[in-house]
Every structure is written in structure tokens, then in C-alpha cells.
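The values are calculated or read from the model by the stated rules, or taken from the named source; none is laboratory data. Please read these numbers as outputs of a predicted model, since none were measured by experiment. Ideal geometry is used to build each Cβ from the backbone, glycine not excepted, and the neighbour counts take in all protein chains shown. Each accessible area value is taken on the protein alone, full model and side chains, heavy atoms only, with ligands, DNA and RNA left out. Shrake-Rupley method; radii C 1.70, N 1.55, O 1.52, S 1.80 Å.
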Amino acid sequence: MGINKYLAKIWEQPKATLGDVWRGRLIQWRKQPAVVKVEHPLRLDRAHALGYRAKKGYTVLRVRLGRGGRKREQIKSGRKSKNQRTMKIVEKNYRVIAEVRAQKQFTNLEVLNSYYAGEDGKFFWFEVIMVDPEMPEIKADKRISWIGSQKGRVYRGLTGAGRKSRGLLKKGKGAEKVRPSKASNKARRFRRAGQRRDFIQGL
């Protein structure tokens with residue numbers, strides 16, 4: 001069994017396996033800024049599986065997110081019942097939010113992918129793999145040079161986490177309305193319904 005399989009086995013239950021190392025690491029991370037550039041990926045098995053290479057042009061960031069629901073902004077004037085501060089449902093997972101925050105800080109890089117790094121009662125941490133599409137080493141590598149043609153891919157839901165939140169990891173039965181996207185599929189169905197209605201009224 002190779003080293004990556006051993007690492008994957010450890011990360012099945014990291015809190016129980018790593019013990020004090022896990023706890024000390026989270027205490028240290030809490031004191032650091034929300035977005036930190038790290039020298040090496042924490043989980044080599046996941047990083048390599050998601051396309052990371054130890055070469056120029058690749059950067060790994062650790063992003064901290066607060067846990068809990070997302071609330072709307074509180075409206076302090078007016079007495080309408082709709083102005084209550086209710087929960088705001090955002091159809092994005094935590095990993096997508098982490099990727100977007102990393103992209104906003106490093107606008108010259110592109111998000112390749114991301115993976116889970118840790119959590120406690122207050123925060124989530126994710127490591128985001130970033131690639132510089134203008135580096136000569138990246139342009140010369142056929143395995144990753146395609147990323148130069150996908151500008152702002154994290155904002156368009158093209159990363160693994162984005163595709164998951166869009167429902168694109170599922171195919172076949174139960175996924176009839178998710179392609180090319182939920183919005184465009186709904187618009188197409190509404191447009192066809194309107195065409196049928198106009199046709200019937202014209203008879």
C-alpha cells in the first residue's frame with residue numbers, strides 16, 4: 001500500500017487519528033488570517049488527485065470560513081413583515097465560498113480545485129489549489145495549459161465544488177433538469193410552454 005493510501009486512511013477520521021496534533025493545529029490556525037499562503041499542501045493525496053504538482057505556477061492557500069447559516073442584512077427601518085431578518089438560503093457549499101474568497105484575493109491566479117483541511121466548533125478550513133496561467137511552466141505543460149482559456153472559472157461554477165453545487169455530478173434519472181444549468185433549463189421549459197399556449201390560442 002503506497003503512501004497516498006495511508007494518508008487517505010488517516011483522513012477518514014483525522015480527529016481520532018491525529019489527536020493532539022489535530023487540536024494544536026486548529027489552535028494555531030485560529031490565530032492566523034482568514035486566507036494564508038502555505039508552502040506545501042497538508043493532504044498530499046488529495047492535492048495530487050486534484051491536479052497539484054510541485055512546480056512553478058502552483059500555489060496553495062488555506063482559507064478559513066465561519067460556520068453557521070447565512071443571514072440577510074438586518075433592516076432597521078420600516079414595519080413590513082417582509083423585513084424580518086430571516087435565513088438566506090444560498091445554493092453553494094462551503095468549499096465554493098472558500099474558492100471564491102481565495103480568487104478575490106489573488107486575481108492573477110485561477111482556482112484549480114480545493115479540498116477539506118479541518119474544522120472546529122467555530123470554523124471550517126479548506127486548502128485551495130491556485131494556478132498562474134501566465135507562467136511559462138504552466139503554458140508548456142499540456143496537462144494544465146487548458147486553464148488559461150477558463151478565465152474566472154470559479155465564478156461560473158466550473159470547479160469541482162461548483163459543479164457539485166450545480167448538481168452536475170449526477171447523470172441520468174433524477175438529473176433531467178440540471179443541464180446545461182437549472183436556470184437555462186427552466187427558461188427553456190417556460191419558453192416552450194408559452195409557445196404551446198400561443199399556438200393553441202391561435203387555432
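Below is a table of values for the structure above.
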item: Those residues of the range 1-57 which are outside any helix (DSSP H, G or I), over 30 Å from D132 (Cα atoms) and acidic (D, E), in sequence order; result: E12
item: All positions within the range 153-173 that are charged (D, E, K, R) and open to solvent by 50 Å² or more (accessible area, probe 1.4 Å); result: R156, R163, K164, R166, K170, K171, K173
item: Tally of residues being surrounded by fewer than 15 Cβ atoms within 10 Å (Cβ to Cβ) and either among the β-branched types (V, I, T) or in contact (Cβ under 8 Å) with a residue 40 or more places away in the chain (or both) across the range 6-21; result: 3
item: Residue list for the range 31-46, restricted to those being touching a Phe, Trp or Tyr at 6+ places or on another chain (Cβ under 7 Å) and under 19 Å from I144 (Cβ atoms); result: P41, R46
item: From E119, E137, E176, residue being out of contact with any Leu (no Cβ under 6 Å at 6 or more places or on another chain) and surrounded by 15 or more Cβ atoms within 10 Å (Cβ to Cβ); result: E119
